[in-house]
Amino acid sequence: MLKCGIIGCGRIGCEFDDKPIKNIIRTHALGYFKNNKTELVALCDIDKQKLQKYGRKYKVKNLYTDSLEMLKNEKLDCLSICTLSNTHLDIVKQAAKSGVKGIIIEKPITNSLEDAKKIIEICEKKKIKLAVNHQRRFQMSYHKIAKLVKNNKFHPIQHVNIIYAGGIANTGSHLFDLLRLLFGEVKQISGKFSKNISQNKEDPNIDLTINFRNGVQVTLNAINSKNYVLTEMDIVGNYHRLIVDLVLNNNKIFVNLLNNQNFKQLKESKNKIKFQKPSTDISFSINNLVISIIKNKNPLCTGTDGYKALECVIASLISAKTNKVISLPLKKMNHKIQSK
């Protein structure tokens, strides 16, 4: 059984499961607690009240307010880093010295490409399995979608549009990772600040046009999430169409047919992509890291995947600020972002 610890007992670390939803695991803490291959043995947070609360909840006795002290005292196999992105590099440095075998780091991987590169290099040198928690990458249903859109019935892909809310770093980083899974590497990004504002002033909404190296073009259009949340992807192919609710994981597939007026229309198919349940289950990513350690395999979402998602976030911000089309890969690596 792998010994595991969490640094950062906030929302994704512990708090989201304070209001439990039946059969849904929403935090790293509950993910480790429910996994039969892991034992949650240590928690760290600067808030002592949180530490005591979640120590009691998950029966963890080893509680720390200092990450360096925790990593020195505990012989951990797995570590979850659930702190602010600008702290990630320092914690990875500490963890590498302590001998951990695997790290799962919350997105974005960090707040600059320069630091992201260092994180990747440290983990490669120490042979640490590094996973970045872009959660859709760990759900095999999205790998099925990737296979579907590469089918000849979807090609050539005419257009892809995504509606999103919640900021270009917070929500956008997840979307960039998903889009890379579906369509490969990004060539250019062009964006402008959306009139539909983000609820986080430090993480703006940006409307984007993204061109991929394989010729696919994707648009992202933001909405204001004040009244409700919506994240939806619409892929229009040559003979098929796929609409996916990226929050609820509902989907509709439309197929081309010939009607009586002798022109073609799309009709909803009875077939759908079957999603793994529960839809927000963080246990997929934790279990994948465990398997990666045991079988010496790369996680489904690597440090490089995290780097490239962050690169897209930064390119979007630069484009919106300068009103220019930005080509990838970026040459300058010192631009910093603000994100939770």
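Gain on full extension, evaluated as 0.36 nm per residue between Glu202 and Ile291 minus their Cα-Cα distance, stands at 28.4 nm. Highest GNM mean-square fluctuation among Leu242, Leu289, Leu79, for the chain modelled with Cα contacts below 10 Å: Leu242.
Count neighbours as other Cβ atoms within 10 Å of each site's Cβ, and list the trypsin sites (Lys or Arg not before Pro) in region 1-91 that are DSSP loop with at most 13 such neighbours.
In loop regions of region 1-91 (DSSP not H, G, I, E or B), the sparsely surrounded trypsin sites (Lys or Arg not before Pro) are Lys22, Lys59, Lys61, Lys75.
Picking from Glu232, Glu106, Glu121, which is most flexible by a Gaussian network model of the chain using Cα springs under 10 Å? Sorting by GNM fluctuation, first place goes to Glu121. Taking 4.7 Å between beta carbons as the limit, the unpaired Cys residues of the chain are Cys44, Cys82, Cys123, Cys301, Cys312. Taking 7 Å steps out from each Cα toward its Cβ at Tyr228 and Thr322 produces label points 3.9 nm apart. When only Cα pairs below 8 angstrom with a gap of at least 6 residues are kept, region 190-340 shows a relative contact order of 20 percent.
Compactness of region 228-340 is given as radius of gyration and Dmax, 20.1, 60 Å, from Cα positions.
In a fully extended conformation the segment linking Asp18 and Asp47 would gain 8.8 nm over its present Cα-Cα distance, using 0.36 nm per residue.
Considering only the other residues whose Cβ falls under 13 Å of the Cβ of Cys9, what net charge follows from Lys and Arg at +1 and Asp and Glu at -1? List each step's numbers first, then the result.
Working: positive: Arg11, Lys48, Lys50, Lys53, Arg56, Lys57; negative: Glu15, Asp17, Asp18, Asp45, Asp47, Glu106.
Taking every other residue near Cys9 into account, the sum is 0.
Given the Cα-Cα distance of Ser269 and Lys127 and 0.36 nm per residue of separation, how much length would full extension add, in nm?
Working: separation 142, 0.36 × 142 = 51.12 nm, distance 4.62 nm.
Gain on stretching Ser269 to Lys127: 46.5 nm.
Seen against the Cα atoms of the chain and their longest principal axis, helix 48-57 is set at about 80 degrees.
How much mean residue ellipticity at 222 nm does the chain get from its helices, if each DSSP H run of length 4 or more adds -39500 (n - 2.57) and you divide by all residues, to the nearest 500 deg cm²/dmol?
On the way: 9 runs with 103 residues, N = 340.
Calculated from helices alone, the mean residue ellipticity at 222 nm is -9500 deg cm²/dmol.
Treating r as the C-beta distance of Gln158 and Leu330 and R0 as 35 Å, the FRET efficiency rounds to 0.75. Two decimals, Cα atoms only, Kirkwood Rh: what is Rg/Rh over the chain? That ratio is 0.99, to two decimals.
Axis angle, to the nearest 10 degrees, between helix 283-295 and the longest C-alpha principal axis of the chain: 70 degrees.
Taking the C-alpha atoms only, the angle from helix 113-125 to the longest principal axis of the chain is near 60 degrees. In this structure, Gln338 and Asn221 have a Cβ-Cβ separation that, at R0 = 22 Å, corresponds to a calculated FRET efficiency of about 0.50.
Considering only Ile128, Ile168, Ile206, the Gaussian network model of the chain with Cα springs below 10 Å gives its largest mean-square fluctuation to Ile128. The antiparallel fraction among DSSP beta bridges confined to the chain stands at about 55%. Taking a ≥ b ≥ c as the square roots of the eigenvalues of the Cα gyration tensor, region 106-232 is oblate, since a/c reaches 1.5 or more and a/b is not larger than b/c. One quarter of the surface of the convex hull around the alpha-carbon atoms of region 46-144 equals 7.4 nm², the direction-averaged projected area.
Laboratory data are not the source of any read-out in this text; all were calculated from the coordinates shown. None of the values given here were measured: they were computed from a predicted structure. Here Cβ is always computed from backbone atoms with ideal geometry, including for glycine, and neighbour counts include all displayed protein chains.
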